[in-house]
Amino acid sequence: MLKTLIRRELLDNLMTFRFAAVLLITLLLVVVNTVVLTQDYEQRLESYNDSVKRHRQDLRNSKTYSTAYLFIDRAPNPLSIFNVGLDKRLGNYIGIYHGFMPTLWDARMHGTDNPFIAFFSSIDIVFVFEVILSLMGLIFAYDAIAGERERGTLRLILAQPIGRGQILLAKYISAMACLLVPLILSLLFALLLLTRSIPLSTADFLRIAGIVLTSFAYLSLFYLIGLLISVATPRTGTALMLAMFVWGFLILVYPNLIRVTVNPGGDIQARVKTAHNQIQQIIDEYERERQKFLENEGIAGETSEFSKALGFYHQADVNPVTLTTYIENMSVISEIRPDFEKYVPVAKRYYNFVLPLATRTVEKAWRIRKQALDEIYVRQARMDRILLKLSPVGIYDDATQAWAGTDLLGLRDFFEAAQRYRKIIIDYLYAKDAFSSREWFVADKGAVDWSTLPQFTFERSDVRTNAKRALPDMFLLLICNLVLFMAIVLIFIKSEV
Amino acid sequence: MWYIAKRELYDNFNSLRFALATVLLLGLMLTNAVVHLHEHPKRIQKYNASINESLTDLTSRADNLYTLAQEGPGLLYKKPSTLRFCADGGEPFLPNVVGGAFLWSISGGLRGFWRLNYPSTTPNLTDIRPNVTKVDWAFIIGYVLSLIAILFTFDTVSGERERGTLRLILANPIPRHTVLIGKFLGALISVGIPLALAVLMNLLVISTSSAVQIGADAWGRLGIIFFIAILYASLFLALGLLVSARVSRSAVSLVILLLIWVTFVVFVPSTLASIAGGFSSPMSTDELWQRRGELYAKRWERYDAYFAERVERSKEIQFKGEHVIAEAEEQERVNEEHLAQQIAQVKFARGTTRISPIAISQHLFESFAGTGFERHLQFLENTKTHARQFRKFIADTDSGDPESSHIIGIREGMSEKPVNPAAIPKFEDTLSLSKDFNAAAVDLLLLTLFVIVLLSGAYLAFVRVEV
């Protein structure tokens, strides 16, 4: 009996105009946007490659350690085509330096030829699904019960020896089977277009499978919302109208309201200020120790002969907004005059003293900064995300971002790798005795050999980590589905025909 | 006709959709007003503070005409619009300042003269909060009101046919077009009433606050914006009538309308703009730096070649002055070219999105609210005018000093007398309605055209309807 019902529903759904229309629109939108997104991705990849090359060239051109600029680049994530998340928004290259802790708040951006073009928001595949799948779910569901009731066929079905729950189940299964067609078909087209120009790994395919699974749960959730409305309202017209208002509110209005509701309060400024003062104190302490050393050596003073001989450039600063702490120690000279040669041992001693001190200072400041940044920016972003989850769109967006690795955690992975790389570089410098070497400040007796410098590599987190990050949201979607289904069954059982 | 319109009105007023639409619009407009009241005073404060700072800076340079000429007029700020709540227009993303850069030294003891320097944009690279659209009038009307308009008209004809009442109406001695217009007007009024209520409440909340002042000019603009909103809503009402007349069942009619709406309102603008943006590739930042470097190097080659021979002292100063001015002009020209190419790309992309009514309405709202891209271009134009004025002022003041040898560009050739700070032209960013209207005329015509085409389509469809 269940089988008969499912078959009937399936035929009913497949032969309708709305099915054809939805299929066509989904295919069209997904295909067109995939083409646009693929082009965009290729452009970003090209600019990434250019930037890597340029940064390598810059490093090779630097003769001394202190004037070297070591930059690492963040490659665009191919799965950003599915959900762009923060991938395009945050900076994509960052400096690695002993006197500076790389975080996502300090990264800079390359590769935007015309930043004005960012006016036009880009659409990713998940956004298309967010809008279209939810609409599809509601359009297929609004008349499932209300329509039968209007036509009077509901009585006929209920007269059969079949449970009401089973009727709902049959409707659910057949409608979902129908709705899966546009979803799967459009994704297949998208993958076909994608893989022609972007090589995807097995892990990427698994991540995409995760995205598909999440999309399925999202679609089902909206179908159930539609079904709930359909069960609860007597007329299809009313059901459709209500469904559309619900859709407009959940998709259009609510997600854009959340940033209004949680306005950053005034205490954020105070929090930044206290952290700023704390870090400033650490820097002051560093400055005192540095001055003490200079005085002990008898070479203090900006205008001293020592300073002139070595072309000192020193700066220790903390940014009042992002709390970026930066300690720079360098010498801008191409050679040392013969009569200043006597300062070389002092300079070596100075650098050997001050560079480890700067490294320690920056690390100490980072502990304060990390906490402050977490409290100011990360907590706020997390708050927004939680509020956003009151709409299924938010849950869906979060889960797919986690799968694609374009969420905050995914991007943090990169910056953590950058921090680890900084450590490796510092260890390498220690190992080479670079801090107390002549090549630190002058290259007149041989330039630095960069060939043995450890290379930076970054692998995106493995699928298991992605899954672990996406799981809570997927679980939430599932729970919502179950609760809704149960509510529908209860209402349907109690409703009169 | 009025009888039909009235009947439609009563029908709508008692419906659930009218109540829902009213609540939704009121809620959104209230949010918009509250946010504006919260943000706008801060914006104004920041603008005034920056202007004062810039002014103090300028006065501090007034003790010497050469310094003033060399360091330029300082930072020129964009004035925030009072009607920012109508259209945000991506303002946080656009630069609000144009700087005059000057070089401390272009070697040889020469100092570079200031030139206009355009910052590109101010992307917030540290923003990790979820991406949202600003809830401004443009959003509320563009997305929400259009959806409401569709929900009000999808069953106007097809619903009556389903219920069988269409026969009754057409049996009366009324021409069909009167019926259609009556229905259209009824729907327009029933959409217009919640909108008018919401807008009035929004303006009431905003205007009661003393922190935000709306001038007479701004009220005029608000009137135009309201008119555009009504025109935009009637476009979707006409579309709804057209589809509703063509399709036999109202459910099918709504599905078609929704799919059209989603495609044209949600997807077409961004997708088309992305495609159109890909057609041209403007000068990249790297290229800009390279061109500037090349020009700079060439200019210095000429300089060195000139001084390879012995030159008279008076001619030397003359040449140096010309050199400095030419260097600044050349660099400014490259900056402008770079900017012009970027602007051309954006303009083309914006032009193609005009297929979508929401993009047209967005442009119109931005023009009349004094925000967004067109406004930014106006601001850039204002800064250019000011730069010309400033240079003229320098030349005039210099020619008024008998001790100066009137060679602009170099200290030895110019007057070094103090300047009356009050006489220096001050930059004040202005908004002019007539300019806005020119920019908006095409959009307005296009929107009207869309409405007329759709209405006549609806008429044709309705005339051919079989009952």
Fraction of alpha-carbon pairs over 25 Å apart in the stretch A:125-247 - percent: 35
Say the cut-off is 21 Å between C-alpha atoms; which of A:Lys389/B:Lys42; B:Lys347/B:Lys392; A:Lys364/A:Lys468; B:Lys46/B:Lys78 go over it? A:Lys389/B:Lys42; B:Lys347/B:Lys392; A:Lys364/A:Lys468
Simple label model, 7 Å out from Cα along Cβ direction - A:Asp444 to A:Leu409, nm: 5.6
In whole Å, largest first, what are the principal axis extents of the Cα atoms in the stretch A:181-221? 34, 20, 9
Under Stokes-Einstein, the stretch B:264-341 at 25 °C and 0.890 mPa s, with its Kirkwood radius over C-alpha pairs, diffuses with a coefficient in µm²/s of 156
So if each residue of separation counts as 0.36 nm, and I subtract the Cα-Cα distance between B:Leu204 and B:Thr285, what length gain in nm does that give? 24.5 nm
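With contacts defined as alpha carbon pairs under 8 Å and 6 or more residues apart, what's the relative contact order of the stretch B:1-86 in percent? The partial results should precede the final answer.
Details: 25 pairs, mean separation 25.7, N = 86.
Relative CO of the stretch B:1-86 lands at 30 percent.
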Relative contact order of chain B, defined on C-alpha pairs under 8 angstrom at six or more residues apart (%): 26
Efficiency of FRET between B:Glu336 and B:Lys46 - r from beta-carbon atoms, R0 41 angstrom, step 0.05: 0.90
What distance in nm lies between label points placed 7 Å from Cα along the C-beta direction at A:Phe17 and A:Arg235? 2.1
Apply the membrane-span-like helix rule to chain B: whole DSSP H runs, Cα extent along the own long axis of at least 20 Å, mean Kyte-Doolittle hydropathy at least 1.6. List the helices found. B:176-208, B:216-246, B:433-463
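What FRET efficiency comes out for B:Asn117 versus A:Arg382 if R0 is 35 angstrom and r is the Cβ-Cβ distance? Round to the nearest 0.05. All intermediate terms of the calculation are to be shown ahead of the outcome.
Values: r = 39 Å, r/R0 = 1.11.
The calculated FRET efficiency here is 0.35.
To the nearest whole number, what is the average tally of beta carbon atoms from other chains within 10 Å of the beta carbons of peptide B:92-102? It would help to have the intermediate numbers written out before the result.
Numbers: counts 0, 4, 3, 2, 0, 0, 0, 0, 0, 0, 0.
Averaged over the peptide's residues, the number is 1.
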Loop sites only, by DSSP: take the GluC sites (Glu not before Pro) in chain A that have at most 15 other C-beta atoms within 10 Å and name the longest stretch containing none of them. A:1-301
Computed log₁₀ I(q)/I(0) - Debye formula, equal Cα scatterers, no solvent, the stretch A:49-127, q 0.15, 0.20 Å⁻¹: -0.65, -0.99
D for the stretch A:338-497, whole µm²/s, Stokes-Einstein with Kirkwood Rh over alpha-carbon pairs at 25 °C and 0.890 mPa s: what number? 117
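What number comes out for the charge environment of A:Trp450, summing +1 per Lys or Arg and -1 per Asp or Glu over other residues with Cβ under 13 Å away?
Details: positive: A:Arg56, A:Arg60, A:Lys63, A:Lys432; negative: A:Asp58, A:Glu439, A:Asp449.
Residues close to A:Trp450 contribute a combined charge of +1.
Rounded to two decimal places and with Rh computed the Kirkwood way over Cα pairs, what is Rg over Rh for the protein assembly as shown?
Details: Rg = 33.3 Å, Rh = 32.3 Å.
Radius of gyration relative to Kirkwood radius: 1.03.
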On alpha-carbon atoms, Rg over Rh for the stretch A:450-497 using Kirkwood Rh? 1.57
How much net charge surrounds A:Leu14 when only the other residues with a Cβ under 12 Å from the Cβ of A:Leu14 are counted, with Lys and Arg +1 and Asp and Glu -1? +1
To the nearest 20 debye, what charge dipole does the protein assembly as shown have about its Cα centre, counting +1 at the Cβ of each Lys and Arg and -1 at the Cβ of each Asp and Glu? 3020
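Given the peptides B:350-360, B:163-173, arrange them by the average over their residues of other C-beta atoms within 10 Å, most packed first. Mind dumping the intermediate values first?
Numbers: B:350-360: 20.5, B:163-173: 11.6.
Result, highest mean first: B:350-360, B:163-173.
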So, for the Cα atoms of the stretch A:393-442, Rg and Dmax in Å stand at 19.0, 59
Note the per residue figure in Å³ for the convex hull of the C-alpha positions in chain B. 167
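If you count, for every residue in B:267-273, the Cβ atoms of partner chains within 10 Å of its Cβ, what is the mean? The partial results should precede the final answer.
Details: counts 10, 2, 3, 8, 10, 3, 6.
That works out to 6 on average.
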Which Cα, out of A:Ala190, A:Leu156, A:Ala418, lies furthest along the positive dipole direction of chain A (beta carbon charges, K/R +1, D/E -1)? A:Leu156
Chain lengthening between A:Ile424 and A:Arg60 when straightened (0.36 nm per residue, less Cα-Cα): 129.2 nm
Mind checking which aspartates and glutamates have their C-alpha under 17 Å from B:Lys426, skipping anything on the same chain fewer than 8 residues away? B:Glu53, B:Asp57, B:Asp63, B:Glu71, B:Glu381, B:Asp396
Whole-number Å³ per residue for the convex hull built on Cα positions in chain A: 162
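Taking the Cα centre of chain B as origin, work out the dipole magnitude from +1 charges on Lys and Arg Cβ and -1 charges on Asp and Glu Cβ, in debye rounded to 20.
Details: 45 positive and 44 negative charges, 364 e Å.
Dipole magnitude for chain B comes out near 1740 debye.
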Packing-wise, with mean Cβ within 10 Å as the measure, how do B:140-153, B:425-438 rank, highest first? B:140-153, B:425-438
Roughly how many nanometres apart are two label points built 7 Å out from the Cα toward the Cβ at A:Leu192 and B:Thr165? 4.8
Using +1 on the beta carbon of Lys and Arg, -1 on that of Asp and Glu, and nothing else charged, what's the dipole of chain A about the Cα centre, debye to 20? 1260
Between the residues B:Gln70, B:Tyr296, B:Val453, the Cα farthest towards the positive end of the dipole of chain B, that dipole coming from +1 and -1 charges on the beta-carbon of Lys, Arg, Asp and Glu, is from B:Val453
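Quick one: compute the contact order of chain A, relative version, from alpha carbon pairs under 8 angstrom and 6+ residues apart, as a percent.
Values: 610 pairs, mean separation 125.3, N = 497.
Once divided by the residue count of chain A, the mean separation gives 25 percent.
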Would you mind counting up the charge near B:Ser404? Only other residues with Cβ under 13 Å from its Cβ, with Lys and Arg at +1 and Asp and Glu at -1. -4
Expressed as an acute angle from 0 to 90° and rounded to the nearest 10, what is the orientation of the C-alpha long axis of helix A:408-431 relative to the principal long axis of chain A? 20
What whole-number distance in Å separates the alpha-carbon centres of the stretch B:400-462 and the stretch B:106-184? 27
With just the Cα atoms of the stretch B:9-104, tell me how far they stretch along each of the three principal axes, in Å, largest first. 75, 20, 19
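Bear in mind these aren't lab numbers, they're just calculated from the coordinates by the rules spelled out. Everything numeric here is computed off the predicted structure, so don't read it as measured data. Neighbour counts run over all protein chains shown; Cβ positions are idealised from the backbone, glycine included.
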